[in-house]
1. For Cα pairs less than 8 Å apart in space and 6+ apart in sequence, what is the mean separation divided by the residue count of the chain, i.e. the relative contact order in percent?
2. What do the square roots of 5 times the Cα gyration tensor eigenvalues come to for the stretch 144-224, in whole Å, largest first, as semi-axes of the equivalent ellipsoid?
3. Output the 0 to 90 degree angle, nearest 10, between the alpha-carbon long axis of helix 4-18 and the longest principal axis computed from the alpha carbons of the chain.
4. With axes computed from alpha carbons, what is the tilt in degrees of helix 24-42 against the longest principal axis of the chain, rounded to the nearest 10 within 0 to 90?
5. To test your reading of the geometry: what angle, between 0 and 90 degrees and rounded to tens, separates the Cα axis of helix 171-183 from the longest principal axis of the chain?
6. Given a cut-off of 16 Å, what percent of all Cα-Cα pairs of the stretch 104-153 lie beyond it?
7. At 20 °C and 1.002 mPa s, what whole-number value in µm²/s does Stokes-Einstein give for the translational diffusion of the stretch 99-204, with Rh from the Kirkwood sum over Cα pairs?
8. Any chance you could list P(r) for the chain, counting all Cα-Cα pairs in 10 angstrom bins from zero, rounded to whole %?
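Where a number appears in this text, it was derived from the coordinates with a stated rule and is not lab data. None of the values given here were measured: they were computed from a predicted structure. Cβ: placed from backbone, ideal geometry, glycine included. Neighbour counts: every protein chain shown.
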Ligand code: NAD
């Protein structure tokens with residue numbers, strides 16, 4: 001059996017060749033691999049076969065091999081996948097180890113709900129603060145995160161090397177705040193305000209999130225299934 005070091009060497013070479021050339025379809029699937037592998041690691045598992053991973057993730061083994069082969073293939077016959085190694089490399093590729101800083105703008109229901117989760121830390125993103133226009137919220141801490149006045153946002157972003165702005169404000173304010181973030185050097189926006197936010201510049205990356213769309217997809221599937229069901233005799 002090839003040693004793990006040799007396997008890593010092959011991987012590292014292909015990984016560096018593949019960086020930047022991996023298709024967006026594969027990139028979209030990587031967070032899911034990251035999530036499952038993270039759970040396996042937390043459960044103390046060190047290796048997994050593609051068949052096991054396939055059953056767990058409900059993805060075909062061939063899809064898994066194809067995806068992971070984009071980076072030179074981490075699997076080895078008779079050994080399976082080295083979970084920690086795979087997890088680390090996928091983390092690197094996804095920027096988890098880049099040390100990004102984020103601020104949440106809008107400390108209302110959704111902002112608070114996001115602040116309550118481990119979503120940021122688990123992905124290597126540090127939540128530095130929250131911003132709101134409401135004076136009753138300013139000066140408070142929400143799940144340990146301080147709330148500052150929105151007027152202080154540009155200065156805070158410049159001084160603290162903020163990379164990501166999370167928008168949980170009413171949609172009417174989203175575009176203006178995005179411009180402010182861009183001028184303050186923030187290059188990523190995770191937009192929850194219910195609208196398709198357009199980036200003010202090609203340098204800035206905007207990710208629009210619509211939880212409601214996902215719920216509607218579920219409703220559609222339920223509706224379609226109930227129509228397909230034959231009436232019971
Ligand atoms: P909310 O009213 O509870 O909170 C909004 C907060 O934004 C308030 O604290 C308010 O003071 C603050 N705010 C308003 N204008 C501001 C400004 N100019 N600068 C800074 N802060 C400002 O609302 P919510 O339920 O938390 O929803 C927030 C946003 O998220 C809304 O746009 C809502 O439609 C959207 N939303 C999106 C999804 C999704 O899946 N994308 C899901 C739920 C809610």
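1. Once normalised by length, the contact order is 13 percent.
2. Gyration-tensor ellipsoid for the stretch 144-224: 29, 14, 11 Å.
3. With rounding to tens, the tilt is 50 degrees.
4. The angle comes out at about 80 degrees.
5. The helix 171-183 is inclined about 80 degrees to the chain.
6. That tail contains 31 percent of the Cα-Cα pairs.
7. Estimated via Stokes-Einstein, D reaches 159 µm²/s.
8. 7, 25, 27, 22, 15, 4, 0
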